[in-house]
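Read the figures in this text as sums done on the coordinates, not as results from a lab. These figures come from a predicted structure and were not determined experimentally. Reconstructed Cβ throughout: ideal geometry from the backbone, glycine too, with neighbour counts over all protein chains shown.
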Amino acid sequence: MERKMEGSTTRDVETGNETGGEDALVGNVNKLMVSPPGYSGVLRKGHLVFDACFESGNLGRVDYISEFEFDLFIRPDTCNPRFRVWFNFTVENVRETQRVIFNVVNFSKTKSLYRDGMSPVVKSTSRPKWQRLPAKNVYYYRCPDHRRNYVMSFAFCFDREDDVYQFAYCYPYTYSRLQHYLASLDRRNLPYLQREQLGLSVQQRNLDLLTITNSDHPSPEKEKKLVFLTARVHPGESPASFICQGVIDFLVSQHPVAQILRDHVIFKIVPMLNPDGVYLGNYRCSLMGFDLNRHWQDPSPWAHPTLHAVKQLIVQMNQDPRVSLEFYIDVHAHSTMLNGFMYGNVFEDEERVQRQAVFPRLLCQNAPDFSFSNTSFNRDVVKAGTGRRFLGGLLDDTSYCYTLEVSFYSYMTAGSNVPVPYTEETYMKLGRNVARTFLDYYKLQNLIKDNRPTHIQSSEVMSQTGNAKGNGVGRDTADREREKRGGVRH
Ligand SMILES: [Zn+2]
């Protein structure tokens, strides 16, 4: 069925009643041809065709304003219209040198890094590597025409008629991409890596669990330390997947630090806690509209099956006398802050507070983009039901629960006030730095006594599937210099 754009220029500005707005949007546009109102001839070049009917796609509606301007509506999260942030769509049938302005008019957030220089990412058929648009082409402002919603406008000039262009809120990392990555790990038959299906989502997608450890290594300790990591409980937070892949890439590599860590530590990783939400192109919720990170207290096996399965596993491991669950880290992305940073819990016991600060401090020394000053330990009511808060109460006082956050946009390194936009590769690099920080931590705890060199050469740990370019030795040298100057961040 062809969807037409009749009446699309009437935004009902006069009446202040924006009919057919986000409340009415339930599906993505499907090869939607947007020709001028009243136009009934054949489709011409320059009559843009929008599509979001693909994995992680999101675009609910397009209004033709003029030949040069289009209003775009984010399709709200499934079963939860309150969340409208992630977008991801293609445009084709463009005219060469066609200049357009796209206004994304129904964001559910007010504060946004779009005010601070963030820009959407774009790629096209002939240029398949994602890049951020120039910040000077992006405007973020409160718009009287759209219920005083915040609007993000960006200017773009199409340049190749046969290209399909794709625009997104941030670098997508889909469920299928994860499945391909995990399949590539499977094919390597690594003796210290085990992949299992921990459960299924409501729509029967895999809930994958990776276990990375050298089980042949005789552990001198009576119980083996266990680190548990999860990502993508919030499906629109795609940078979390790049971090998670960086962690995995490092831990399965032949890097000496990774080998030592595998001898002493068990890593359990759930790379995608909300596979349906990711597949559907939601920002925050599951298929049924739940923010899973508010349901840790009492997850239901039918409404929150993935969360239920992960929680069961954690509770079970916590009771296992052979292992000591020491870290739980849940990876997220942040829409208003810069850098990587962590949230932890508040404790009465000052000594415990100090112990909890150790890992973020060590990470700060290893990762130039990680900010200790942004790291905070809080106990606000809003965060009740999160993994960090719930497990912080469940696990004993030798365990640490953190939320690891990373900016959707950029980081600033020590002594600089120029934001450096994150790339897929620098997100993965943060993951590698998180992984190697466990060695520093366990050396400090005297669990690991080893003096082998521990600095990562990026070239030693290359992603099997990611883009590993732009990560030469020069950058590592700069990192070392920065570390020597000290770890204090802005
Ligand atoms: Zn989140």
Looking only at GluC sites (Glu not before Pro) in DSSP loops with at most 15 other Cβ atoms within 10 Å, what is the longest site-free stretch of the chain? 349-490
Using 0.36 nm times the number of residues separating residue 189 and residue 420, minus their current alpha carbon distance, what extension gain do you get? 79.4 nm
Sum of -39500 (n - 2.57) over DSSP H runs of 4+, divided by residues of the chain (222 nm, nearest 500): -7500 deg cm²/dmol
Please give, to one decimal in nm, the separation of the simple spin-label points placed at residue 129 and residue 302, each 7 Å out from Cα toward the Cβ. 5.0
Which whole-Hz couplings ³J(HN,Hα) result when phi for each residue of the stretch 415-432 is put into the Karplus expression 6.51 cos²θ - 1.76 cosθ + 1.60, θ = phi - 60°, listed in order with x for Gly and Pro? x, 10, 10, 9, x, 9, x, 5, 10, 4, 5, 6, 5, 5, 5, 4, x, 5
Counting only DSSP beta bridges with both partners in the chain, the antiparallel fraction in percent, to the nearest 5, comes to 60
Angle between the chain longest axis and helix 350-366 axis [Cα atoms, degrees, rounded to 10]: 70
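Can you tell me what percent of all Cα-Cα pairs in the stretch 24-168 are more than 18 Å apart?
56
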Enumerate the amide H contacts of residue 324 below 5 Å, restricted to partners 5 or more residues apart or on another chain; note that Pro and chain-start residues carry no placed amide H. 224, 225, 226
Can you pull a Stokes-Einstein diffusion coefficient for the chain at 4 °C (1.567 mPa s), Rh from Kirkwood over Cα pairs, as a whole number of µm²/s? 55
Taking the stretch 175-467 on its own, what percent of its Cα-Cα pair distances exceed 23 Å? 52
Arrange the following residues from fewest to most other Cβ atoms within 10 Å of their Cβ: 151, 418. 418, 151
Ranked 427, 64, 141, 169, criterion: other C-beta atoms within 10 Å, fewest first: 141, 64, 169, 427
Going from the fewest other Cβ atoms within 10 Å to the most, one would list 185, 48, 430 as 185, 48, 430
